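Below: one structure, written as structure tokens.
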Amino acid sequence: MADIQIPAIQIPAILEGKELVRSVRTPARMEYVYTAGMATTRFLTGISQGKILGERAPGGKVYVPSRGADPQLGVPTSEPVDLPHVGTLVSFCVVNVAFYGQGMEIPYTSGLILLDGSDLPLMHLIQECSVDDVRIGMRVEAVWVEDSELAPNLESIRYFRPNGEPDVVVTQPGEGVTW
Amino acid sequence: MVIDVAVIAFAQMPNVRAETVLNEVEMLMPVITDVRAKAGLTQADIGFTCSGSTDYLSGQAFSFVSTLDGVGPWPPIQESHVEMDGAWALYEAWVKLQLGDVDTALVYCYGKTAPGPIHEVLSRQLDPYHVAPLWPDAISLAALQARQMIDAGKATEADFAEVASRSRRSAMNNPNAQLAFDRSVADLLDETPIVDPLRKSDCPPITDGACAVVLASGDRARELRERPAWIRGIDHRIEPMALGLRDLTVSVSTRTAGEKAGMAAAPVDVAELHAPFAPQELILREALGLDDHRNVNPSGGPLAANPVMVAGLTRIGEVAQRIMDGTASRGVAHATSGPCLQQNLVTVLEGEG
Amino acid sequence: MPKELVAVVGVGQTKHQATRGDVSMAGLVREAASRALADAEMTWADIDAVVVGKAPDFFEGVMMPELYLADALGATGKPLFRVHTAGSVGGSTAIVAAQLVQAGIHERVLTVAFEKQSESDAMWALSMPIPFQPPLHAGAGGYFAPHIRSYMARSNAPDHIGILVALKDRTNALKNPYAHLQEHEISFDSIKDSMMLWDPIRYAETCPSSDGACAMVLASEAVADRSSKPVAWVKGTAVRSEPTMSADRDPVLPRGGSDCAADVYRQAGITDPRRQVDCVEMYVPFSWFEPMWLENLHFAPRGEGWKYVEDGVTQLDGDLPVNMSGGVLSSNPIGASGMLRFAEAALQVRGMAGDHQVPDARTAVGHAYGGGSQFFAMWVVGADKP
């Protein structure tokens, strides 16, 4: 690649010897008010009542949490489904790094949990299980906060833990590949 | 251009001050369902999809990603997104249709202007070193432009009020308009300016909105719509942002875009101009040779509803709808972006026969 | 009407670095654009239109910065366009620019993709808490790590494959003076011993955060034919998008990527990618994406991508070199990364890739992806006019 001549900057005589301004720090803060939307409102209301509500789309797929649209059909999901609080761990990773917003002791396991009866895994913490014991196919159950602490956010579920049932074979959606 | 492309369907949600119940996806889905129904197409029939929106408006990075689910992109679709008003998403779709691989396109855009402090948000577009740290709001910038017009002898406050009055009165015929009322120029001039020389009535409302358009080319357009609104010309141009580098009383880029889009070929029956502030309509009229035109912004224009990132595509839709309905033969639609009419897109549309 | 031909006649990029404190955003884009223009033997005045791509504006703290940069990009009085398709944006931007020439609208288009993510806080912008969404406990890499684990389980790949990819890409970067990471001491063990971030991804198998820009000049056949240097003819372009959350998605082997590749190969007349493609620049931000994308893009049979890595097929001197430039693993200005892949592919078939040139490369693939493995953009470029 050809290289280019970058013109030297001419500093006016009156500024000679002065320290150049190399950067400007301009903090910016804005406040936004977010609308949850009806589907998220239904889901979080369910959470505040100790329920995990999925929504069934026309065609039968159950999404949790629902965000109001079946992404394959582009239509609203309609029917609420009260899902059991147990499911299968379809994948996971062990997090070993502190990052913005996180407040957990590392290492910890973050997992993709397919609740029984739903068609899309949701991501949550896996605890009460050493990071070396976590495995795909493990059966897990939700552990909630105390009833008095239930609130309309996913922190009402503290984490998922193994529930002792035997592991199951996990099938990859869309490809029909069995692991 | 060799391939004729037309607007064959347009849909918008009723423009409101704030949509506080539905989130962006829920707000957008009925509009997309409506426009596809009007076009007689399913998502599977559509060759290309393009949207316009901006992260800063929604306060979320990658905000367009979640709204794409509302389109139902499965099996995977050919899709793109611009961080611009939907009018530019339409431009990208129009270019795609020129290639001949696909003959239909869905274009959509949405903007919730209510959640974030819009004037603070828009100030983040400005020069980050010298201007943005002062947090100038859009009304003040438009007021600088208005002041220049008055000082140049090009317009008076009464001229601004005339635009403001006419726009809201026209909006009374638009069920989707947010602000629609009949107040006289004298009445409006009685208002105390909020940022001299601009009065509240010279300024756009804050609006949440969404709209969508379906484009089709050649014979496909004729199959789908009895009277397609053919895009005879489309062009866009940009000027430097810095207000001191331009004559704010004229819109050079609009004039150029209008020339390239073929404005001069014949007079237009209708013009929809994206002038969020009343004085800007006068600037745009001059740039497009519409100074005395009697049918500007029959929808009420942005002074009646101004969903950011949507108002530009809405102008195209409003002109196209009138052509499709047979109430106009030839029209021009304009869209703008950036402070004080920095960037401008002009579309000339026509019906056949 | 058939499409016009389009070729890459100029390529430019910046030295990518964690923080380019020596230039403003305007300086950054002009560095890349000036180099592309010089390579194309053109001036700013020759350009008809400018197409800009970058990722979320929270990375720089300026909303729609291309508006502010209009004069820096020589766009005054011209059409300026801004694409944003998440991580694939650099690629989709190049495609939008190419289409302007293919549609016969413009003859010379400058396209620039950049990110100056040191200006704001990239980590924050990437994992910004989205209201009402389940909190992302694991950060950006934590989203992909479970899918990588799924791939490993599915293909029975040995644990060290990721390390081999990282070693290859970082070693290739040493031959690319523009690459951000220049790790002269890198070795298999230094990668293996680096901190595990999101098991199975180690620190040294992760892309850096970079400031950088990439630019290309795309030109019509008439202009390209007059070029004094070899040009890269665009033989096919394709984009695909799939939903964020969908029950039938396979995030390990996404259908969008597979469909995108099939489309672009069809356009380019490629029926056997493994044999007919000379080299590939693919978007690999975490090492394990190389074997996954080899399968997704039809180079390797399902479950066997990792064998190509192990057997050295994708080495610079291998049979199908991948990421000769060092790839995203060595430089990641997010908005630019996709265009860097497309540009590096073009450099290869022009014979202008310097020390990381694949001998006799005549057909190369550029690939970019974004979002949760849901946006894909690809092109095929060739030394021979189609």
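Among the residues of this structure, residue C:243 does not count as one that is surrounded by fewer than 23 Cβ atoms within 10 Å (Cβ to Cβ) and assigned to a loop (DSSP other than H, G, I, E, B). Is it the case that residue B:159 is in contact with a helix residue (DSSP H, G or I) (Cβ under 9 Å, 6 or more places away or on another chain), part of a helix (DSSP H, G or I) and acidic (Asp, Glu)? Spelling it out, residue B:159 is indeed in contact with a helix residue (DSSP H, G or I) (Cβ under 9 Å, 6 or more places away or on another chain), part of a helix (DSSP H, G or I) and acidic (Asp, Glu). Just one residue in the set A:113, A:47, A:106, A:52 is within 30 Å of residue C:202 (Cβ to Cβ) and modelled with pLDDT of 90 or more; that residue is A:113. Candidates are the residues of the range B:322-341 that are under 11 Å from residue B:269 (Cα atoms) and of a type in the set (Val, Ile, Thr); the one that is nearest to the chain's Cα centre (by Cα) is B:332. Taking the stated definitions as given, is residue C:131 more than 8 Å from chain A (Cβ to nearest Cβ), over 30 Å from residue C:222 (Cα atoms) and surrounded by fewer than 24 Cβ atoms within 10 Å (Cβ to Cβ)? Taking the combined requirement at face value, the residue does not satisfy it.
Note on the range A:17-44: residues that are of a type in the set (Val, Ile, Thr) and within 18 Å of the chain's Cα centre (by Cα) amount to 2.
In the range B:219-240, the qualifying residues are those that are more than 22 Å from residue B:334 (Cα to Cα) and hydrophobic (A, V, I, L, M, F, W, C), and the one that is surrounded by the most Cβ atoms within 10 Å (Cβ to Cβ) is B:221. Give the residues of the range C:214-239 that are closer than 30 Å to residue C:291 by Cβ and out of contact with any Lys or Arg (no Cβ under 8 Å at 6 or more places or on another chain), sorted by residue number. Answer for the range C:214-239, where residues must be closer than 30 Å to residue C:291 by Cβ and out of contact with any Lys or Arg (no Cβ under 8 Å at 6 or more places or on another chain): C:214, C:216, C:234, C:235, C:237, C:238, C:239. Scanning the range C:94-121 for residues that are charged (D, E, K, R) and either within 18 Å of residue C:9 (Cα to Cα) or in a helix (DSSP H, G or I) (or both) yields C:107, C:108. The one condition from (1) part of a loop (DSSP other than H, G, I, E, B); (2) in contact with an Asp or Glu (Cβ under 9 Å, 6 or more places away or on another chain) that residue B:231 does not meet is (1).
For the condition more than 22 Å from the chain's Cα centre (by Cα) and in a helix (DSSP H, G or I), what is the one hit in C:190, C:194? One residue alone meets the criteria, C:190.
Pairs meeting the criteria (first residue in the range B:100-121 and facing chain A (nearest Cβ under 10 Å), second residue part of a helix (DSSP H, G or I), beta carbons under 7 Å, at least 6 apart or on different chains) are B:112/B:24; B:112/B:57; B:112/B:58; B:116/B:57; B:121/B:56; B:121/B:57. Each residue in the range B:29-56 was checked for being within 9 Å of chain A (Cβ to nearest Cβ) and crowded, with 21+ Cβ neighbours inside 10 Å, and 4 of them qualify.
Which residue out of C:36, C:55 is out of contact with any Lys or Arg (no Cβ under 7 Å at 6 or more places or on another chain), crowded, with 24+ Cβ neighbours inside 10 Å and part of a loop (DSSP other than H, G, I, E, B)? When all the criteria are applied, what remains is C:55.
For the range C:331-377, a residue qualifies if it is within 18 Å of residue C:293 (Cβ to Cβ) and acidic (Asp, Glu), and exactly one does: C:344. Residue-level check: of (1) assigned to a helix (DSSP H, G or I); (2) in contact with a His (Cβ under 7 Å, 6 or more places away or on another chain), residue B:223 misses just (2).
Annotation note: of A:97, A:90, the sole residue that is within 30 Å of residue B:68 (Cβ to Cβ), in a strand (DSSP E or B) and in contact with a helix residue (DSSP H, G or I) (Cβ under 8 Å, 6 or more places away or on another chain) is A:90. For the range C:192-205, filtered to residues that are modelled with pLDDT of 95 or more and in contact with a Phe, Trp or Tyr (Cβ under 9 Å, 6 or more places away or on another chain), the residue that is nearest to residue C:107 (Cα to Cα) is C:205. Residues that are more than 21 Å from residue A:157 (Cβ to Cβ) and either away from chain B (no Cβ under 12 Å) or among the basic types (Lys, Arg) (or both) do not occur anywhere in the range A:31-54.
The set of residues in the range B:322-347 being crowded, with 24+ Cβ neighbours inside 10 Å and over 27 Å from residue C:71 (Cα atoms) consists of B:323, B:331, B:332. Could you list, in sequence order, the residues of the range B:114-142 that are in contact with a Cys (Cβ under 9 Å, 6 or more places away or on another chain) and within 18 Å of residue B:191 (Cα to Cα)? Within the range B:114-142, B:139, B:142 meet the criteria.
Evaluate the following for residue A:97: is it β-branched (Val, Ile, Thr) and under 18 Å from the mean Cα position of the chain (by Cα)? So residue A:97 fits the description; yes.
Of the helices (runs of 4 or more DSSP H) lying entirely inside the range C:264-381, those carrying at least 2 residues that are surrounded by 22 or more Cβ atoms within 10 Å (Cβ to Cβ) are C:289-296, C:305-310, C:327-330, C:334-350. Only one of the listed residues (C:153, C:122) is buried (at least 21 other Cβ atoms within 10 Å of the Cβ) and within 14 Å of chain A (Cβ to nearest Cβ). That residue is C:122.
Conditions tested, residue by residue: (1) under 18 Å from the mean Cα position of the chain (by Cα); (2) assigned to a helix (DSSP H, G or I); (3) within 26 Å of residue C:264 (Cα to Cα); (4) more than 8 Å from every other protein chain (Cβ to nearest Cβ).
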| position | (1), (2), (3), (4) |
| --- | --- |
| C:159 | no, no, no, yes |
| C:163 | no, yes, no, yes |
| C:166 | yes, yes, no, yes |
| C:176 | yes, no, no, yes |
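The values are calculated or read from the model by the stated rules, or taken from the named source; none is laboratory data. These figures come from a predicted structure and were not determined experimentally. Neighbour counts run over all protein chains shown; Cβ positions are idealised from the backbone, glycine included.
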